[in-house]
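Q: I'd like to ask you about the structure that follows.
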Amino acid sequence: MIEQAEHIALTGDHWTSVSNDNYLGVTAHFVDHNWTLQAFALTVSKTEERHYAEACANHFLDVANEWKIKEKLTTLGTDSARNMVAAARLLPFEHLPCMAHCLQRTVTVSLKDSGFESVLAKCRKIVGHFKHSPSNAQELNEQQIAHGLKQESLAQDVATRWNSTLEMVKRIQRNKSPLTTTLAQQKSKIAMLTDQELDKLQKLQELLDPCRYVTELLGGEQYVSCSVVLPALRHLFRVMEPSDDDPVYVLRFKNAFTTDLAQRKDSTNLRWLKISTALDPRFKDLKCLPKDERSEVWASVRDLMRETCAQQPPAETTEEPSPKKRRTSILLGSSDSDTDDEEESIERCLDRYKVEPKMDIEGCPLQWWSKREGAHARLASIARKYLSTPATTVPCERLFSLSGHIIQKKRASLTPDNVNKLVCLNNWLHLKK
């Protein structure tokens, strides 16, 4: 399957197993000739403890050479760790930072000193009170039943996962009444949140819910995600626009969020993202971009079309032109004429694509291209290349989640080679289903 792919995008990430071994996971992504997005594991290989940039780059090249796909590679998606960014600079293909990691860092920065920390600290104490005591947890379960609610445990947040903070907030809000009753009956030193603090949590949830929606949207690997990045970020910037009735702590969060996200957006591979968006029939109007940037995007697409034309072999001629015809061609400037014709042809191709009806937002851009490949042949090959790129490294994280199930404490002595075989085999078997 992979040998038939024209363009292949990679994602890569590091992971440490329960046996304290370091692994590099690499996944491949491409759009096949049937316009189906394919994604599968290439390797989960053991690496040295220190992930120097040059060593990381060599690992990726080794994987590419092993699979004989080096010349087909288009992008490498990684997190924003310094060694990964430096490694990407050493490689002969484009780098696309993981947008999920960008959002993680932005939310973390925004929560810090925004005014939510005090109420979140109180939430953590409440959760700890029930997490660390089975009897307290049992009393809470009884109150959940008494209030007609589903029995569920509270969730403790993790510093490296902002969505765990959102889950902690939601569960406390859902269980407000059982928590209030249980803490009052226990005469505990742990105080329930006040109405003002609960209102603060509600506002935090309203800020974080759109972030989780975008993170989950961009984390898919069975559908096109790269072209969705810029429209999704535009949505977040709109959500974070200040409102006249925003409390000070909400304004602080929004200002910190938009400032940080704008900086991270500018440091990503904007050219690749813009071209991907233009080649997605759902977003080809480019309304997610300022008007003055839209013409630049189409200019980039034109350049790609010229490159594609230049790479195609010239049509073979069966008859040698006569000397007279050759002299006439020189006088008439046939070379300039051919160039003009090519430019006009490129412009017509783009115009035909632009005037196509905009696709419904819920539609699949690959299905659209599969039906119109013949009508937009020059653009289709470029679309196949750009729309195959994942927006995040979530595919690698899923590999590591699987690896964690395979390398358990009872199987911590598995050799790295067997780990690689088991993880990849499991991934490939799921693809067959």
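Here, each number is a calculation from the coordinates, and none is a lab measurement. Predicted, not measured: the structure shown is a model, and the values here were computed from it. Backbone-built Cβ (ideal geometry, glycine too); neighbour counts: all protein chains shown.
Q: Could you check the spin-label model distance between residue 364 and residue 243? Points 7 Å from the Cα along Cα→Cβ, value in nm.
A: 3.7
Q: Does anything in region 208-245 have its amide N under 15 Å from the 7 Å Cα→Cβ label point of residue 259, and if so which residues?
A: Of the residues in region 208-245, 242 have backbone N under 15 Å from the label point off residue 259.
Q: Could you derive backbone 3J(HN,Hα) for region 26-33 from the dihedral phi with the Karplus parameters 6.51, -1.76 and 1.60 (θ = phi - 60°), listing whole Hz in sequence and x where the residue is Gly or Pro?
A: 9, 10, 10, 9, 7, 9, 7, 5
Q: Explain nothing, just the number: dipole magnitude of region 1-128 about its Cα centre with +1 on each Lys and Arg Cβ and -1 on each Asp and Glu Cβ, in debye rounded to the nearest 20.
A: So the dipole magnitude of region 1-128 works out to roughly 660 debye.
Q: Given the pairs 46/421; 46/70; 46/72; 68/371, which span a C-alpha to C-alpha distance of over 23 angstrom in this model?
A: From the list (46/421; 46/70; 46/72; 68/371), the Cα-Cα distance tops 23 Å for 46/72; 68/371.
Q: Under 19 Å Cα to Cα from residue 265, which lysines show up? Leave out anything in the same chain fewer than 8 places away.
A: Correct list for residue 265: 254, 274, 287, 291.
Q: Now for a different question. Picking from 360, 245, 113, which is most flexible by a Gaussian network model of the chain using Cα springs under 10 Å?
A: 245
Q: Next question. Given charges of +1 on the Cβ of Lys and Arg and -1 on the Cβ of Asp and Glu, with all other atoms neutral, how large is the dipole of the chain about its Cα centre, in debye to the nearest 20?
A: Here the size comes out at about 1340 debye.
Q: Give the distance, in whole Å, between the Cα centre of region 75-148 and the Cα centre of region 1-25.
A: Their Cα centres are 24 Å away from one another.
Q: Right, next: Just to confirm the number: angle between the C-alpha axis of helix 291-311 and the first principal axis of the chain, 0 to 90 degrees, nearest 10?
A: The angle comes out near 50 degrees.
Q: Now for a separate question. Ranking 16, 106, 308 by Cβ neighbours within 10 Å, fewest first, what do you get?
A: In increasing order of surrounding Cβ atoms, one gets 16, 308, 106.
Q: Work out, step by step, the length gained on full extension between residue 2 and residue 177: first 0.36 nm times the residue separation, then minus their alpha carbon distance; give nm to one decimal.
A: Net length gain for the segment: 57.5 nm.
Q: Give the relative contact order (percent, whole number) for region 137-244; include only Cα pairs under 8 Å separated by 6+ residues.
A: The value is 20 percent.
Q: From the list [x] 1.07; [y] 0.95; [z] 1.16, can you say which value of Rg/Rh (Cα atoms, Kirkwood Rh) was derived from the structure given?
A: The calculated read-out lines up with [x].
Q: Also, I was wondering about something else. Along the charge dipole of the chain, which of 308, 137, 345 sits closest to the positive end, that is, farthest toward it, with unit charges on the beta carbon of Lys, Arg, Asp and Glu (+1, +1, -1, -1)?
A: About the Cα centre, the residue reaching furthest to the positive side is 137.
Q: Report the one residue of 114, 102, 80 whose Cα lies farthest in the direction of the positive end of the charge dipole of region 77-118 (charges on C-beta: Lys and Arg +1, Asp and Glu -1; origin at the Cα centre).
A: The Cα lying farthest towards the positive end belongs to 80.
Q: Please compute the contact order of region 78-215 in relative form: average sequence separation of alpha-carbon pairs under 8 Å and at least six residues apart, divided by the residue count, as a percent.
A: 23
Q: Distance in nm between label sites at residue 354 and residue 62, each 7 Å beyond Cα in the beta-carbon direction?
A: Modelled inter-label distance: 4.9 nm.
Q: Compare 299, 57, 232 in a GNM of the chain, Cα atoms joined below 10 Å, and give the one with the largest fluctuation.
A: Answer for the Gaussian network model of the chain: 299.
Q: Sticking with this structure for a sec: How many angstrom lie between the C-alpha centres of region 172-206 and region 253-270?
A: 33
Q: If I fit a long axis through the Cα atoms of helix 195-218 and take the longest principal axis of the Cα atoms of the chain, what angle between them do I get, 0 to 90°, rounded to 10?
A: With rounding to tens, the tilt is 30 degrees.
Q: Applying a 10 Å radius around every beta-carbon, put 186-197, 91-102, 129-140 in order of their mean neighbour count, most first.
A: So the order, starting with the most tightly packed, is 91-102, 129-140, 186-197.
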